[in-house]
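The values are calculated or read from the model by the stated rules, or taken from the named source; none is laboratory data. Because the structure is predicted, anything quoted here is derived from the model rather than measured. Cβ placement follows ideal geometry from the backbone for every residue including glycine, while neighbour counts extend to all protein chains displayed.
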Amino acid sequence: MKKRIAILPGQWRVGRLFREQDLKRLEKLGELIQNPDHDDATPQRAKELIAGADAVITSWGSPKLEGELLDLAPNLKIVTHAAGSVKPIVSDELFARGIRVTNCTKPLGIGVAETALGLTIASLKNMWFLSQETRRGGWNYGQDAVREVYGLTVGVVGAGRAGSHYIKLMQNFNVELLLADPTFTPQRAKELGVTLVELEELIKRSDVISIHAPSIPETNNMFNKDNIPLLKDGAILINTARGAIIDEEALIAELRTGRIFAALDVTEPEPPVLDHPFRSLPNVILLPHIAGAVNNGLGRLGEHVASELERFFNGEELATEVKAEELARLA
């Protein structure tokens, strides 16, 4: 019997996530049960779509898969989440039934790492200041602050999908790479091509720090009034992870000394209030959470979902499977 693949996101989201060639790949795997609505599935529509499904595709805006919904799909074997964290859609009951779950942290991590690399280069080159200076009619002022991605120490906080890809990108440069990640052993870090250190040592030694840790209770205010002052003069702090990882008041206090520079794609909360210091301090570049998959980059997620379902139905190993026991340390 042909497999039934239910797609819960609405047409507007499907159109952004899935290119035509990836929908055709899914059609080769089974019968696609698509949400006909423009918006994401209502509770009633979700019941209609999931009934009898062998596989379910979810994304941002999808309902939690539990109870009555799961009862309607006794043959459900896999959920592929076309987004990052699966916490909004998974349940204990889902895992208890042996249903496998995958997400799109790998393709999302590529976009995050590329954004962090761009911020690394642009910040070291002092591009933000120089651009403003040339607009004002200047030319050479500020060039003495320009640095190359060469002979520096780059610290990476968290080596999940995004952090490990950032490390891979940074290995194209002549820099020393440090890693702070409690889930890594020194040997595993060595295999990744980095030196594992404690967070405080990383903060003290790094010229650039790129944060890629998950936002969990253990990482809340990981950067705070005790360790932010340990940053080197001229250090660049990049956050493309989550705003809650940094104690913003402590960071603002240090930024006001003029010693350091921050490139922030995330804040807590988002967006920051109109008179927030991050919007006006000259040594901050503030972006509206554009790391990850944006616009055409969302196509990476649909491509990954199609690949995961191909691997699943072919009996191959999944690339981004999420286990129940991993949820506590994942974003």
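Residues in region 178-230 that are crowded, with 23+ Cβ neighbours inside 10 Å, polar (S, T, N, Q) and under 13 Å from Ile245 (Cα atoms): Ser210 alone. Look at region 28-48: where a residue is in the same structural domain as Leu76 (by TED's automatic domain parsing) and a partner is of a type in the set (S, T, N, Q) and outside any loop (DSSP other than H, G, I, E, B), sitting 6+ places away or on another chain with Cβ atoms under 6 Å, you get His38/Gln11. Total residues in region 145-193 satisfying the condition of being under 16 Å from Ala113 (Cα atoms), outside any helix (DSSP H, G or I) and of a type outside the set (A, V, I, L, M): the figure is 6.
One line per residue, one yes/no per condition, for (1) acidic (Asp, Glu); (2) over 15 Å from the mean Cα position of the chain (by Cα); (3) closer than 15 Å to Ile209 by Cβ; (4) modelled with pLDDT under 95:
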position: Asn224; (1), (2), (3), (4): no, yes, yes, no
position: Thr240; (1), (2), (3), (4): no, no, yes, no
position: Arg259; (1), (2), (3), (4): no, yes, yes, no
position: Pro269; (1), (2), (3), (4): no, yes, no, no
position: Leu274; (1), (2), (3), (4): no, yes, no, no
position: Pro288; (1), (2), (3), (4): no, no, no, no
position: Arg311; (1), (2), (3), (4): no, yes, no, no
position: Ala319; (1), (2), (3), (4): no, yes, no, no
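From the set of residues in region 126-139 that are of a type outside the set (Gly, Ala, Ser) and in contact with a helix residue (DSSP H, G or I) (Cβ under 9 Å, 6 or more places away or on another chain), which is surrounded by the fewest Cβ atoms within 10 Å (Cβ to Cβ)? Out of the qualifying residues, it is Trp139. Condition test on Ala253, is it surrounded by fewer than 17 Cβ atoms within 10 Å (Cβ to Cβ) and either in contact with a helix residue (DSSP H, G or I) (Cβ under 9 Å, 6 or more places away or on another chain) or within 20 Å of Glu218 (Cα to Cα) (or both)? Criteria met by Ala253. Residues in region 194-211 that are assigned to a loop (DSSP other than H, G, I, E, B) and touching a strand residue (DSSP E or B) at 6+ places or on another chain (Cβ under 6 Å): Val194, Val197, Ser206, Asp207. Restricting attention to region 110-121, the residues being under 16 Å from the mean Cα position of the chain (by Cα) and either free of Cβ contacts under 8 Å to residues at least 40 places away in the same chain or in a loop (DSSP other than H, G, I, E, B) (or both) number 1.
Count of region 52-83 residues, restricted to those that are aliphatic (A, V, I, L, M) and over 21 Å from Phe95 (Cβ atoms), is 0. Only residues that are closer than 22 Å to Leu130 by Cβ and free of Cβ contacts under 8 Å to residues at least 40 places away in the same chain were counted in region 271-286, giving 7.
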